[in-house]
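Structure, as structure tokens:
The values are calculated or read from the model by the stated rules, or taken from the named source; none is laboratory data. Small disclaimer: the values here were computed from a predicted structure and weren't measured. Cβ placement follows ideal geometry from the backbone for every residue including glycine, while neighbour counts extend to all protein chains displayed.
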Amino acid sequence: MRWMLTFTLAAATVLFAVAGPRQTRLQAADAPAALAGTVKSAEEGAMEGVVVTARRTGANFYVSVTSDEKGRYSFPATHLEPGEYTVTIRATGWDLTPIGKVTLAKGKAAAQDLALVKTKDLASQISSREWALSMPGTDALKRQFIQNGLSCTYCHSVERILKTKYTAEQLIPVITRMTRYFEDGSAVPTGTGRAKATLKEKDRLKGIEQQQAWFGRVSKTDMASLIAAANLSGGKTAHAYELKVLPRPKGLATKAIVTTWEIPRKDAVSHDAVVDSKGRVWYNEENAWFVGMLDPKTNTITEYPVKPADPDEDASIAGSRDIMIDKQDALWLPLRKGMGTVLHKYDPATKVLTKVEGATGGGAFGETDHDGKHIWIGFLRVDTKTAKVDGDFRKPKNIAPGRSAGGYGFSVNTKGFPFGTDFMGGKVMGVNTQKDEITYYETGDIDNFPRRGRIDTQDRFWFGLYGGNAVNMLDTNTGKMSTWKWSTPYTTPYLATVPDKNGYIYSSSNTSERLLRLNPKTGEMVEFPMPNGPGNFDTKKINYDPTTKKTVLLFANTRNAEIMRVELPD
């Protein structure tokens, strides 16, 4: 494996070319294996639901599969090149007996059985969801701890918190300190060293020390008491409660193939990603003036500078809040400007960055409409051809005096009406652009924290109900709201896709490192395990690969500066 780093001085483009898996075709059910074996333990015998990962020496990618009901795992020959590999596993409560390196020869399948033993450090393996199920405290307070719109789990797992020895009194200044850091620009998973914590903008830092509430929902005193009762304070040498472990995945949940590419810049914060017509993944950067692209066919990651002509030099954080793509494969980036954003158009072909005049403060997140004629940034509408604002619906005629229409996750229905979530208010809002009127839709609880979603061709707005532990659907034509509540508490569905070809909806859980799949017709819920360790998985926007008929998902993992590809069973 040879790293190639090329700087094109004229454009300051950074190209990272790396060897990776061959993705020219997807794995057929009867395709030959490059590496296969069984996973067993003395206690269970054959073990289902164990994630097995193979990483070639020197490569910046890894491939993961999951063992089936007979304990068998198999890596397709289409996904692993010849070479020397390190094999690791992820199964909560278990460790892999060392096996050394595994060598794959060209055209020859390799066999490697894996033996697992009970771990001696369960506390380092359980997810935030399992911590929440285990720790003492009321459900209402634990919901605030785990599922608050800007909770601790937004940046990392709660393991580090519940292993501390701070008393409740000592924890209050720690809570204050943590609120000083920017949530999205501070992806700091345990042990990876991939990203850095960043202080919020100066205006947002004012008054934090004086605030008695934690993000406006619960007092710092109550939160500190909850944590102190569950951590190792007071001279405890072990947690005074049983650590609960959820069952490993079974059946369909073991059939995914996951490929993960690492972004070479270790401090990258790739908040979102989109996919162009050629299947290339474009990701934004929330901590620097870059936009990046992964080409899965050639396994190259290329980054391009997108620093605006008039950046806010006093701002503590650079980069863009989101990334959108239109039908001509042009990118749209809400670049930071102080506490707000300014929308810019980026042409990947010419490398030209164009500021959209007047598209300031419209919102941090947006979406392309169905006909491809407009990009929406919040409730601001922009013509994709002219790159000019041609509609401002932030102050509908029926909105309360002194208020404006603004929110979080946005999408647009086929009539050209924008809808967004109010995640701190527990609502969804939509504007009828023909009547210039806004309508609010309740989700049932102010602590439901509706987050990101998309509208399908039937005008149904699918979105994640982060605090409500559900995926919701609002029929934007009838106003009817439907809810599919996740069976395990503290799952935190962050987003929702539109239905795939089989009608399935996908979401993500950053408290359990699981990719979630919902069948709205039957209510069936499947959780596909991701290879990332506790607190190391968090994706905000999931895309379908347009170059294949199978269901293949592509997205950025904010926590670990990674791009992930998940091939799923029908």
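Evaluate segment 523-532: report whether one residue or more is under 15 Å from the mean Cα position of the chain (by Cα) and among the polar types (S, T, N, Q).
There is at least one residue in segment 523-532 that is under 15 Å from the mean Cα position of the chain (by Cα) and among the polar types (S, T, N, Q).
Go through segment 109-147 and give me each residue that's of a type in the set (Ser, Thr, Tyr) and surrounded by 18 or more Cβ atoms within 10 Å (Cβ to Cβ).
SER127, SER128
Given the residues VAL498, VAL526, VAL566, which is the only one that is closer than 21 Å to TRP282 by Cα, surrounded by fewer than 23 Cβ atoms within 10 Å (Cβ to Cβ) and in contact with a Leu (Cβ under 7 Å, 6 or more places away or on another chain)? Show your work before the answer.
On the way: VAL498 fails: in contact with a Leu (Cβ under 7 Å, 6 or more places away or on another chain); VAL526 fails: closer than 21 Å to TRP282 by Cα.
Being closer than 21 Å to TRP282 by Cα, surrounded by fewer than 23 Cβ atoms within 10 Å (Cβ to Cβ) and in contact with a Leu (Cβ under 7 Å, 6 or more places away or on another chain) holds for just one of VAL498, VAL526, VAL566, which is VAL566.
State yes or no: is LEU495 in contact with a helix residue (DSSP H, G or I) (Cβ under 6 Å, 6 or more places away or on another chain) and under 30 Å from GLY391 (Cα atoms)?
No; evaluated as a whole, the condition is false for this residue.
Check segment 415-425 and report whether any residue there is of a type in the set (A, V, I, L, M) and free of Cβ contacts under 8 Å to residues at least 60 places away in the same chain. Don't jump to the end; show me each part of the working.
Step one: list which residues in segment 415-425 are of a type in the set (A, V, I, L, M), which gives 424.
Narrowing further to those that are free of Cβ contacts under 8 Å to residues at least 60 places away in the same chain: none.
Looking through segment 415-425, none of the residues is of a type in the set (A, V, I, L, M) and free of Cβ contacts under 8 Å to residues at least 60 places away in the same chain.
Among (1) buried (at least 18 other Cβ atoms within 10 Å of the Cβ); (2) at pLDDT below 95; (3) on the phi > 0 side of the Ramachandran plot, where does GLY71 come up short?
(2)
For GLU209, state whether it is farther than 29 Å from GLY93 by Cα, surrounded by 14 or more Cβ atoms within 10 Å (Cβ to Cβ) and either of a type in the set (S, T, N, Q) or at pLDDT below 80 (or both).
Working: farther than 29 Å from GLY93 by Cα: yes; surrounded by 14 or more Cβ atoms within 10 Å (Cβ to Cβ): no; either of a type in the set (S, T, N, Q) or at pLDDT below 80 (or both): yes.
Against the criterion (farther than 29 Å from GLY93 by Cα, surrounded by 14 or more Cβ atoms within 10 Å (Cβ to Cβ) and either of a type in the set (S, T, N, Q) or at pLDDT below 80 (or both)), GLU209 does not qualify.
Only one residue in LYS250, LYS297, LYS307 is surrounded by fewer than 23 Cβ atoms within 10 Å (Cβ to Cβ) and in contact with a Ser or Thr (Cβ under 8 Å, 6 or more places away or on another chain), so which one is that?
LYS297
Could we say that THR254 is under 24 Å from SER64 (Cβ atoms) and among the hydroxyl-bearing types (Ser, Thr, Tyr) here?
So THR254 passes the test.
How do the strands (runs of 3 or more DSSP E) wholly within segment 288-398 filter down when requiring 2 or more residues that are assigned by TED's automatic domain parsing to the domain that holds ASP436: which remain?
Filter on segment 288-398 gives 331-337, 340-347, 352-360, 366-368, 374-377, 380-383, 388-392.
Take the conditions among the hydrophobic types (A, V, I, L, M, F, W, C) and under 30 Å from LEU162 (Cβ atoms) and apply them to PHE528. Does it pass?
For PHE528, the condition - among the hydrophobic types (A, V, I, L, M, F, W, C) and under 30 Å from LEU162 (Cβ atoms) - is met.
Within segment 72-116, track down each residue that is in contact (Cβ under 8 Å) with a residue 12 or more places away in the chain and either in the same structural domain as CYS152 (by TED's automatic domain parsing) or among the small types (Gly, Ala, Ser) (or both).
SER74, ALA77, GLY83, ALA91, GLY93, ALA105, ALA109, ALA110, ALA111, ALA115
Please identify the pairs in which a residue from segment 347-368 that is surrounded by fewer than 17 Cβ atoms within 10 Å (Cβ to Cβ) has its Cβ atom under 7 Å from the Cβ atom of a residue that is part of a strand (DSSP E or B) and modelled with pLDDT under 95, counting only partners at least 6 apart or on another chain.
LYS355/VAL342
Can you tell me which residue among PRO520, PRO534, PRO450, PRO489 is more than 18 Å from PHE419 (Cα to Cα) and crowded, with 24+ Cβ neighbours inside 10 Å?
Only one candidate qualifies: PRO534.
For segment 461-484, name all the residues that are under 15 Å from HIS370 (Cβ atoms) and crowded, with 22+ Cβ neighbours inside 10 Å.
Within segment 461-484, PHE461, TRP462, THR476 meet the criteria.
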